[in-house]
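Asks: Below: one structure in structure tokens.
Values in this text are rule-based calculations from the coordinates and carry no lab data. Here the structure is a predicted model, which means the values were calculated and not measured. Neighbour counts run over all protein chains shown; Cβ positions are idealised from the backbone, glycine included.
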Amino acid sequence: MAGDGSLHERKPEDTHTVPIGEEPRYGFPRKLWRAVERRRPPGLGATKAWRSPLRGPWLTSVFGAVLLAALPLVIITGLLDFIAYGPQFGQAFPGNVGWLHLPYFDWPTRPSWLFRLTQGLHVGLGLVVIPVVVAKLWSVVPKLFSWPPARSIAEIVERLSLLLLVGGILFEIATGVLNIQYDYLFGFSFYTAHYYGAWVFTAAFVVHVTLKLPKMVRALRSRSLRAELRTSRADTRPEPPDESGLVATAPRKPTLSRRGALGLVAGGSAFVAVLTAGQTVGGFTRWAAFLLPRGRSYGSGPTDFQINRTAKAAAITVAQTGPGWRLSLLGGPRPVQVDRASLAALPQRTAELPLACVEGWSSTQTWSGVPLRDLAALAGVPAPVTAVVRSVERFGAFNRATLQGNQVLDPDALLALRVNGADLSPDHGFPARIIVPALPGVHCTKWVGSIEFRAV
Ligand SMILES: Nc1nc2c(c(=O)[nH]1)N[C@H]1C(S)=C(S)[C@@H](COP(=O)(O)O)O[C@H]1N2
Ligand SMILES: [Mo]
């Protein structure tokens, strides 16, 4: 440092001295980044704002470890949900993703709560980690503004990956939250953005973990979590200064212990968890589920559970669903038409099945109706490979769905006429709706008008 006049012209506490430490391996010539350092733009590299005595590699690594455990689950369940939608039928969003997908497979019907689990984990965990993401960003904020921006090729790669990582996660949070809040207001563009954003984020995440894992492990070992949880604010000392650039060079007195900081973040996550759980757990917790708009509109009596889109909103008329209603069974030698009384006269099956919406809520009810495989046999297609279900709903994005063969042939795959011992209400799909184990809610078509079974 001696001989470098520029550094001496500033008081050390005015700068976020990127700790010089060792020269980076394969670094740019020292002269070069010194020159860059001297041209520090105002606002970058200044430490005055970053004086928390809590910042340091250990605290950052604790948040990092939590995210390292949680985010892969969020990523995998998100990609699985895409598969659950039936991309092979072009009914996942976005439709054509080229090679950017997990290998396609037929989404199973068992366990019946499979989609409820993947969808619930994706949305629920995705929301719960938000406070941890914010905390992690807070803990590394001096690094994001450090100067010089990079001292080696490796650091350039790292900084670029950071840009995609931080930008990626904020983008996924924003589009994800908008998805579950305003699904129907904005249409599908959010899904497309969310899907491609997820891959950008995932790539950056993998690079980041690869680069940082050894540092994280070392930092986690540098202090004992137990000891930290017993340390009061008065006894809180900064982590020892090191090359990480995270520890404040001029720390102020602690206003919070590390225990307090961890508690604050954990409390934030728990709060989000309570707000989120209501949509799925149901019962009295439902009042708290205000992150989910549709989680709060429901029917009455036996049909008292979430209504996604009301009959009125879907412009369903009595002419369409009244006594004149007929179900058309297509795909066989000739079309078969049945009225509701004839359907009710067929052998009925009852099953307790969840309805799980991509918006994050789910609700388990007792459904009864005619097994879809009996209807396939009635249509003259006893071993269908797919079935296309169409609603009498004329407009709207969810008035049809294609089901896989296994989703038709599962014994509990129903054209439901009743729920919880009562006829379906108009809002829940009267005269008949689809309900299939582990099928995403969006494909549980309401106000069914026809089912076309296909043998090939
Ligand atoms: N015809 C039709 N069926 C539909 C929909 C729709 O908009 N139109 N919404 C779907 C969605 S997204 C879900 S989550 C479920 C919700 O069913 P519910 O309103 O009975 O709870 O219905 C599905 N069936
Ligand atoms: Mo849904």
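Asks: Kirkwood Rh, Cα Rg: Rg to Rh for the chain? All intermediate terms of the calculation are to be shown ahead of the outcome.
Replies: Working: Rg = 28.2 Å, Rh = 25.3 Å.
Expressed as Rg/Rh, it is 1.12.
Asks: Under a crude label model (7 Å from the Cα following the beta-carbon direction), how far is R230 from R394 in nanometres?
Replies: Between R230 and R394, the label points sit 7.4 nm apart.
Asks: Report the chymotrypsin sites (Phe, Trp or Tyr not before Pro) located in segment 101-194 that are in a DSSP loop and have at most 14 other Cβ atoms inside 10 Å of their Cβ, or state none.
Replies: Passing both the DSSP loop test and the Cβ count: Y104, F105, F188.
Asks: What's the exposure ranking of T210, T310, T386, T60, going from fewest to most Cβ atoms within 10 Å?
Replies: Listing T210, T310, T386, T60 from fewest to most nearby Cβ atoms yields T210, T310, T386, T60.
Asks: Tally Lys and Arg at +1 and Asp and Glu at -1 over the other residues with C-beta under 12 Å from the C-beta of L67: what net charge comes out?
Replies: +2
Asks: Given +1 on the Cβ of Lys and Arg, -1 on the Cβ of Asp and Glu, and no further charges, what dipole in debye does the chain carry about its Cα centre, rounded to the nearest 20?
Replies: The dipole magnitude comes to about 1260 debye.
Asks: Treating only the Cβ atoms of Lys and Arg (+1) and Asp and Glu (-1) as charged, compute the dipole magnitude of segment 370-456 about its Cα centre; round to the nearest 20 debye.
Replies: Computed charge dipole of segment 370-456: roughly 200 debye.
Asks: I've got another one for you. Can you sort S224, S61 by how many other beta carbons sit within 10 Å, fewest first?
Replies: The order, fewest Cβ neighbours first, is S224, S61.
Asks: Just name one of P238, S269, A401: the one whose Cα is farthest towards the positive end of the charge dipole of the chain (beta-carbon charges, Lys/Arg +1, Asp/Glu -1).
Replies: P238
Asks: Sticking with this structure for a sec: Report, in debye and to the nearest 20, how large the dipole of segment 12-279 comes out about its Cα centre when Lys and Arg carry +1 and Asp and Glu carry -1 on their Cβ.
Replies: 1160
Asks: Using all alpha carbons of segment 12-279, what is the percent of pairwise distances in each 5 Å bin, ordered from the shortest bin to the longest?
Replies: Here the calculated profile for segment 12-279 is 1, 5, 11, 15, 15, 14, 12, 10, 8, 5, 3, 1, 0.
Asks: With the dipole of the chain worked out from charges on the C-beta (+1 for Lys and Arg, -1 for Asp and Glu) around the Cα centre, which of L346, P323, T366 lies farthest toward the positive end?
Replies: Positive-most Cα among the choices belongs to T366.
Asks: Length gain on complete extension for the stretch I76 to W99, per 0.36 nm per residue less the alpha carbon to alpha carbon distance? Walk me through the numbers on the way to the answer.
Replies: Values: separation 23, 0.36 × 23 = 8.28 nm, distance 1.63 nm.
Contour length minus Cα-Cα distance gives 6.7 nm.
Asks: Using alpha-carbon pairs under 8 Å, 6+ residues apart, how would you state the relative contact order of the chain in percent?
Replies: Working: 787 pairs, mean separation 81.8, N = 456.
Relative contact order comes out at 18 percent.
Asks: Report the label-to-label distance for D106 and V274 in nanometres (one decimal), using points 7 Å from each Cα along the Cα→Cβ vector.
Replies: Label-label distance for D106 and V274, simple model: 4.5 nm.
Asks: Segment 310-402: which trypsin sites (Lys or Arg not before Pro) are DSSP loop and have at most 12 other beta-carbon atoms within 10 angstrom?
Replies: Answer in residue order: K312, R394.
Asks: Counting only helical runs of four or more DSSP H residues, what would the 222 nm mean residue ellipticity of the chain come to if each run contributes -39,500 (n - 2.57) and the total is spread over all its residues?
Replies: -13500 deg cm²/dmol
Asks: If you rank S112, S222 by fewest surrounding Cβ atoms within 10 Å, what's the result?
Replies: S222, S112
Asks: Further, regarding this structure: Kyte-Doolittle cut-off 1.6, length cut-off 24 Å along the helix's own axis using Cα: show which whole DSSP H helices in the chain pass.
Replies: Within the chain the helices that satisfy the rule are 57-84.
Asks: Using +1 at the C-beta of Lys and Arg and -1 at the C-beta of Asp and Glu, which of F145, S189, N420 has the Cα lying farthest in the positive direction of the dipole of the chain?
Replies: Working it through, the farthest residue towards the positive pole turns out to be F145.
Asks: While we're looking at this one, here's another question. Just to be sure I understand the model, the point goes 7 Å from the Cα along the line to the Cβ. What's the resulting L220 to R454 distance in nm?
Replies: Label at L220, label at R454, 4.8 nm between them.
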